[in-house]
Amino acid sequence: MKTVIIGSGNVAYHLAKAFTQNCYSPIQIFGRNEEALREISSENKIPYATDTLADADFYLICVKDSAVAEVSSLIKKENCLVAHTSGSLPKEVLLGNYRKACFYPLQTFSKKKTLNYSEIPFFIEAENALDFGFLKTLAETISTLVTEADFKKRKFVHLTAVFSCNFVNHLFARGKEISDAQDIPFDWFYPLIDETVRKIRTIDPKDAQTGPAIRNDARILAAHEALLADSSQLEIYKVMNESIKKMYDLK
Ligand SMILES: NC(=O)c1ccc[n+]([C@@H]2O[C@H](COP(=O)([O-])OP(=O)(O)OC[C@H]3O[C@@H](n4cnc5c(N)ncnc54)[C@H](OP(=O)(O)O)[C@@H]3O)[C@@H](O)[C@H]2O)c1
C-alpha cells in the first residue's frame, strides 16, 4: 500500500523511523513545517512535501489532536484508508469520504529520545476486516504488541496513560525544581525512580505505596508544606497527599 505520513512532530518522526527500519517505506512525508520535514526526510530517505499531497492508498495523520479534523479534510481522494494516531479521538473525527481508522501507539514519543519500537503496544480500529488486517500487519512489522481497541476502550487507555506517564513525568519535573533550587543533583534520585517503576511490575501499585501520607504522619506533612514556597508545588503536594489518604481511608 502506497503510504503517506502527514505531520512532522514527535509521532511522525518516530513512526517514519520505525517503518523504514522495518523495510516499509512511506512514499511521502507531508506537512507544513519544512525544517522538521527535511530532517525526517533525510534521516529516512522519504521524499517530503508542503504543497502537494501524493496519491496514496493509506494516509497516516500524525498532527496534534485539535488539527486532525482540519488536516483530514485536505484528503480529497475517496478510495483510500486514512488513520489518525490519537488515543482520545474517535475515527469519525476524520472528515472525508474515505475509509477511517485509528493507529494509536501507546508510548511517550520525543524526537530527542531513541526508542525500542518492538516494545510499543499499538491499538487499532478500522471500519472493516480488510483495513484492520492491513493495519495490524503494519503494526506487527514494528511490534508484537498489537491489539484491537474501539474508541470506548482507547479513550480509557489514553486516560490511564496520562496518569501513568504524563502526570508522573510532571512530578519528576516538579521534584527536580525542588532539588535544583537546593543544588541537589537530580541523578541521586535515579535509583529510587527506577525501583519505583520496577516494583509495580511485581507488586500492585496500591500495595507498593510508601511515604508520609500513607503513614498518616501529620508532623512530616506539615513540615514539608512549610518548605514549599512555590504555590504550584504546594498545591500538588496537598492534592497528592489527600488522594493517598482517601485511597487508604485514612483520616
Ligand atoms: N507524543 C506522544 O507521546 C504521543 C503518543 C501517542 C499518540 N500521540 C498522538 O499523535 C498525534 C501527534 O502527536 P505529536 O506528539 O507528534 O505532536 P507534536 O510533536 O506536537 O507535533 C504536532 C504536529 O502537528 C502539526 N500541526 C499542528 N497544528 C497543525 C495545523 N493546524 N495544521 C497542520 N499541521 C498542524 C505540527 O506542525 P508544526 O510543526 O508546523 O506546528 C506537527 O507536525 C496526536 O494525535 C497525539 O495525540 C502522541
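The values are calculated or read from the model by the stated rules, or taken from the named source; none is laboratory data. Quantities reported herein were computed from a predicted structural model and do not represent experimental measurements. Note that we place each Cβ from the backbone using ideal geometry, even for glycine, and neighbour counts take in every protein chain shown. Note: accessible area is taken over every heavy atom of the protein model, side chains too, but ligands, DNA and RNA are not part of it. Shrake-Rupley method; radii C 1.70, N 1.55, O 1.52, S 1.80 Å.
Brief remarks on what is shown
- Relative packing of 227-234, 203-210, which averages over residues the other C-beta atoms within 10 Å, highest first: 227-234, 203-210
- Within the accessible area of region 154-247 (1.4 Å probe), percent carbon and sulfur: 60
- Average accessible surface area per residue within region 154-247, 1.4 Å rolling probe, Å²: 75
- Quarter of Cα convex hull surface for region 161-251, i.e. mean projection, nm²: 6.4
- Accessible area in square angstrom per residue, region 3-149, 1.4 angstrom probe: 47
- Peptide packing: for 147-155, 162-170, the average count of neighbouring Cβ atoms within 10 Å per residue gives the ranking 147-155, 162-170, highest mean first.
- Relative packing of peptides 48-59, 12-23 - highest average C-beta neighbours within 10 Å first: 12-23, 48-59
- Listed residue pairs exceeding 24 Å between alpha carbons, taken from Lys136/Lys199; Lys176/Lys199; Lys206/Lys246; Lys153/Lys251: Lys136/Lys199; Lys153/Lys251
- Modelled FRET efficiency - R0 41 Å, Arg201 with Ala67, Cβ distances, 0.05 increments: 0.70
- Centre-to-centre, using Cα atoms only, region 118-138 and region 21-64 are separated by 20 Å.
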